[in-house]
Ligand SMILES: [Zn+2]
């Protein structure tokens with residue numbers, strides 16, 4: 001069974017489960033959803049998303065598709081002028 005996708009991850013867990021090191025990340029003090037410790041955490045996407053966790057792709061789609069669609073619609077509008 002897959003684990004639920006974490007909302008926040010600390011640096012150590014991000015390095016362990018992510019696929020790359022963050023170039024830019026906004027760290028804040030919170031509970032790491034992976035190890036449960038309160039420390040500096042950021043979003044798993046800063047580690048290029050976690051492997052072998054529940055539906056990270058679905059949450060990416062839900063989070064980012066509307067924005068992307070609006071942007072594409074805007075570009076199409078812009079290019080048609
Ligand atoms: Zn952790």
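The table below gives the values:
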{"quantity": "Packing-based exposure ordering (other Cβ within 10 Å, fewest first) of 46, 33", "calculated": "33, 46"}
{"quantity": "Least to most buried among 34, 41 (fewest other Cβ within 10 Å first)", "calculated": "34, 41"}
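Every number in this text was worked out from the coordinates using simple rules, so none of it is lab data. Just so you know, these numbers come straight off a predicted model, no measurement behind them. Every residue, glycine as well, gets a Cβ built from its backbone with ideal geometry; the counts of neighbours run over all protein chains shown.
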